[in-house]
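Have a look at the structure below, then the notes.
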Amino acid sequence: PTTRIEYTLPVESYVTIRVYNTFGETIGTIVNESQLAGYKSVDFDASNFPSGVYFYRIQAGRYSDVKKMMLLK
């Protein structure tokens, strides 16, 4: 149960990617650092989490977005 999150930064930015459960509780932080511009990817290992719906929020500079993930084991 691993997924790859891919994104592209147009300029150098401080990037944060956090994973949340359906109650809005943070269950993990995948990225929390300044990154140079360009294509990026990060693997999220969910083997310690039960099956269900999860959300991840990516913040890079002024950009912010939330995506939904479904974990099936």
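The values are calculated or read from the model by the stated rules, or taken from the named source; none is laboratory data. Source: prediction; values computed, not measured. Positions of Cβ are backbone-derived with ideal geometry, glycine not excepted, and every protein chain shown enters the neighbour counts. Each accessible area value is taken on the protein alone, full model and side chains, heavy atoms only, with ligands, DNA and RNA left out. Shrake-Rupley method; radii C 1.70, N 1.55, O 1.52, S 1.80 Å.
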Worksheet item: Where is the GNM fluctuation largest for the chain (alpha-carbon springs, 10 angstrom cutoff): Tyr56, Tyr20, Tyr39?
Response: Tyr39
Discussion item. Taking θ = phi - 60°, what integer Hz values does the Karplus form 6.51 cos²θ - 1.76 cosθ + 1.60 yield along region 63-73, in sequence order, with x for Gly and Pro?
Written reply: 7, 8, 8, 10, 10, 9, 10, 10, 9, 10, 10
Discussion item. For the pair Met69/Thr3, report the inter-label distance in nm, with labels modelled 7 Å from Cα in the Cβ direction.
Written reply: 0.6
Worksheet entry | Which of Arg4, Arg62 is most accessible, then next, and so on - probe 1.4 Å | Arg62, Arg4
Response to the item:
Largest fluctuation, Ile27, Ile58, Ile17 only, Gaussian network model of the chain with Cα springs under 10 angstrom, belongs to Ile27
Item to complete: Please sort by residue number the GluC sites (Glu not before Pro) in region 1-64 whose DSSP state is loop and whose Cβ has at most 13 other Cβ atoms within 10 Å.
Response: Glu12, Glu25
Worksheet entry | Whether region 1-68 is rounded, prolate or oblate, judged on the alpha carbon gyration tensor where a/c under 1.5 counts as rounded | prolate
Worksheet entry | Leading residue at positive end of dipole, the chain (Cβ point charges), from Ile58, Ile5, Gly24 | Gly24
